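Novice: Pasting a structure below so you can have a look.
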Amino acid sequence: MFNKSRREFIKKGGAGLALATLTPMVTARVFSSAPESDRRVLVIGAGLAGLSCAYELKQAGFDVILLEARTRPGGRVRTYRDPFADGLYAEMGAEYVDSSDTYARKYCKKFGLEVLTAKLYDGIFVRGKRYSMKDFKDNKQTLPFEGAEPGKLFANERKYIEHWFEKIEDINDLPKEVLELDKISVAQLLRKEKAPRDIVDLYTYTNATESTIRPDQANALGFVLGHYRASGFNEDTDEGRILGGNDQLPKRFAQEVSDSIMYGKPVRRISMGKKVVEVGFEDGGKISTISSPRIVIAMPFSILRKVRIDNEFPADKMKCIRELQYGHVMKFAMQFKQRFWDKPGSLGQRVFSDTPLRRIYHFSIDQPGPRGILLTFTSAEDAQKLGKLSKVNRMKRAREVVSGMWSEAETYWENGTVKYWNEDPFMQGSYSTSGVGHSKGFKDIAGRQEGIAHFAGEHTVAASMNGAIKSGVRASEEVKKAVGV
């Protein structure tokens, strides 16, 4: 039994919760089915994982209640529209629907949403120099990084670890020598394999959207297995997105389960029992409770670890909840009067860089008009450093970087906005990633069913919209199997 004193609970929950806990508990009566029904399911979190799970359960005839801390659906799917003119919009959160994202594409098709084919990278800006992607691929230009192969921007680190693949016969039964990689970082492994410092630096930049932590924090075992399973991201990867805004997908899910969603209800306590779970959540300045014979927890562990959990889950699950690593990520969206990046002689429309903004690209390719938006993705240490600045100075720094790449940028500047996910009260980080000592089975542990509790979210499978949806569908199948449906 995991018990805390009331004082400990208040201390852990913070001042806002302390005020709320002074108010008597109120029992919420929101399920429509009879109390003895085993078809009642409480889902926590209306991101794509919770939404897809609730949707599938509702389709199967379950009585579902979905608690969401925010006042909107979607979680890390966040499309900004208001700051921009001419109907322009920008994805300030989850962005890509790759060609292999079968779950995301399945529901887009079901809901009548079109997935755009991505604009590929056509420019490179590293160490203050400009490179045309075409000339680079034709070996007319080479990167100023020791050890980089001609015409190859991404995965230059792969050749230094390929000999590890020969040691793997069964990915589900790894030899001890390979498992030992879990104890070191990517940077340590690359140094051990005599990779030049430039290769570590280049990996830092090329891996900016795949891992939002530094190479000296990232897990070497996960790094090797990632390369073993697939060639990874490259210059030709189709990073598609949903026409009209990615937020349409969670909104369509939410429409389908609208009578089940309770917005603005952050969860503060989960009390597990063998047959019933009781959840306490903020509700209009007080703590209300709801009980259910089954629960799906689809909130990020960065927030779940701040929730009081009575009758804790097994030790390895609690370790995973407490220690699962989330990095830093920040996105800038900048509106300009003209799309100067389209002019002849421009660096390009979609540019890979080693600047603090990392990847900078024309986002409004599907939108008409002379105006356009440059969107950026910065992560790890660069995002953390920018996060220490005021919002005004963050944008000032972003404008300086863009002007250093396109001299005419300031002439056409109009406005911009920034989203730093580590400041988001219901996320406090990027997506999950494997830290040192956390690769072996951590995602399996994160997603493992614990009695009447099921778990969903990108942290249980893969850090993407597709991964979130896949996990929600998997959790719904677990619930149906548990009750014999």
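Please treat every number below as a calculation from the coordinates, not as lab data. In this text, all values refer to a predicted model and were calculated from it rather than measured experimentally. All Cβ positions, glycine included, derive from the backbone under ideal geometry; neighbour counts span all protein chains shown.
Novice: Would you work out the charge dipole size for the chain about its Cα centre, treating the Cβ of every Lys and Arg as +1 and the Cβ of every Asp and Glu as -1, and quote it to the nearest 20 debye?
Specialist: 1360
Novice: Write out the trypsin sites (Lys or Arg not before Pro) in the range 72-112 meeting two conditions: DSSP loop, and at most 13 other Cβ atoms within 10 Å of their Cβ.
Specialist: ARG81
Novice: Using Cα-Cα distances under 8 Å and only pairs 6 or more residues apart, what relative contact order does the range 123-229 have, in percent? Walk me through the intermediate numbers first.
Specialist: Working: 115 pairs, mean separation 29.1, N = 107.
Result for the range 123-229 is 27 percent.
Novice: Give the shape of the range 197-345 as rounded, prolate or oblate, defined through the alpha-carbon gyration tensor: a ≥ b ≥ c are the square roots of its eigenvalues, a/c under 1.5 means rounded, and otherwise the shape is prolate if a/b is larger than b/c and oblate if not.
Specialist: Verdict is oblate for the range 197-345.
Novice: Can you compute the modelled spin-label distance between ARG72 and VAL483, with each label point 7 Å from Cα toward Cβ, in nm?
Specialist: Distance between the two pseudo-spin positions: 3.2 nm.
Novice: Between ASP366 and LYS137, what is the label-point separation in nm under the 7 Å Cα-to-beta-carbon projection?
Specialist: So the label points at LYS137 and ASP366 sit 2.2 nm apart.
Novice: Order the peptides 386-395, 147-156 from the highest to the lowest mean number of other Cβ atoms within 10 Å of their residues.
Specialist: Values: 386-395: 13.7, 147-156: 17.4.
Going by the mean number of other Cβ atoms within 10 Å, highest first, we get 147-156, 386-395.
Novice: Let me ask you something else. Read phi for every residue in the range 121-126 and hand back ³J(HN,Hα) as whole Hz from Karplus 6.51 cos²θ - 1.76 cosθ + 1.60, θ = phi - 60°, with x for Gly and Pro.
Specialist: With the stated coefficients, the range 121-126 comes to 5, 10, x, 9, 9, 9 Hz.
Novice: Stretched out fully, how many nm does the piece from GLU408 to ALA85 gain, at 0.36 nm a residue minus the Cα gap?
Specialist: So the chain would gain 114.3 nm between GLU408 and ALA85.
Novice: I'd like the Karplus ³J(HN,Hα) series for the range 467-475: coefficients 6.51, -1.76, 1.60, θ = phi - 60°, whole numbers in Hz, and an x wherever there's a Gly or Pro.
Specialist: Each residue of the range 467-475 in turn: x, 4, 5, 4, 5, x, 5, 4, 5 Hz.
Novice: Set the Förster radius R0 to 22 Å, insert the Cβ-Cβ distance between LYS167 and ASP444 as r into 1/(1 + (r/R0)^6), and round the FRET efficiency to 0.05. Display every interim value, and only then the final one.
Specialist: Numbers: r = 21 Å, r/R0 = 0.97.
After rounding to 0.05, the efficiency reads 0.55.
Novice: Let me ask something else about it. Taking amide H positions as placed in the peptide plane 1.01 Å from N, state which residues far from GLU157 in sequence (5 or more) or on other chains have amide H under 5 Å from it.
Specialist: none
Novice: Now a separate question. Where in the range 76-185 are there GluC sites (Glu not before Pro) that are in a DSSP coil and have at most 14 other Cβ atoms within 10 angstrom of their Cβ?
Specialist: GLU114, GLU146, GLU166, GLU169
Novice: I've got another one for you. Considering amide H positions built from the backbone, and no H for Pro or chain starts, which residues 5 or more places from ASP63, or on another chain, come under 5 Å of its amide H?
Specialist: Here ARG40, VAL41 satisfy the definition.
Novice: When the chain is fully extended, how far beyond the present Cα-Cα distance does GLN188 get from SER99, taking 0.36 nm per residue of separation?
Specialist: On the way: separation 89, 0.36 × 89 = 32.04 nm, distance 3.29 nm.
Net length gain for the segment: 28.8 nm.
Novice: Using 0.36 nm per residue of separation minus the Cα-Cα distance, give me the extension gain between PHE426 and LEU389 in nm, one decimal.
Specialist: So the extension gain works out to 11.2 nm.
Novice: Pull up the DSSP beta bridges for the range 217-333 and report the antiparallel fraction as a percent, rounded to 5.
Specialist: Antiparallel bridges make up about 80 percent of those DSSP assigns within the range 217-333.
Novice: I would also like to ask the following. Amide H neighbours of ARG241 under 5 Å, counting only residues 5+ apart in sequence or on other chains, H built in-plane at 1.01 Å?
Specialist: VAL97, LEU116
Novice: Starting from the range 33-71, pick out the GluC sites (Glu not before Pro) whose DSSP state is loop and whose Cβ has at most 10 other Cβ atoms within 10 Å.
Specialist: Qualifying residues, ordered by number: GLU36.
Novice: Please compare each pair in LYS306/LYS480; LYS58/LYS419; LYS159/LYS319; LYS119/LYS391; LYS58/LYS470 to a cut-off of 27 Å on the Cα-Cα distance and tell me which ones are over it.
Specialist: LYS306/LYS480; LYS58/LYS419; LYS159/LYS319; LYS119/LYS391
Novice: Output the antiparallel fraction of DSSP beta bridges having both residues in the chain, as a percent to the nearest 5.
Specialist: 65
Novice: Can you work out the Karplus-derived ³J(HN,Hα) for every residue in the range 209-225? Use 6.51 cos²θ - 1.76 cosθ + 1.60 with θ = phi - 60°, whole Hz, and x for glycine or proline.
Specialist: 8, 8, 9, 9, 10, 6, x, 7, 10, 6, 7, 5, 5, x, 4, 5, 5
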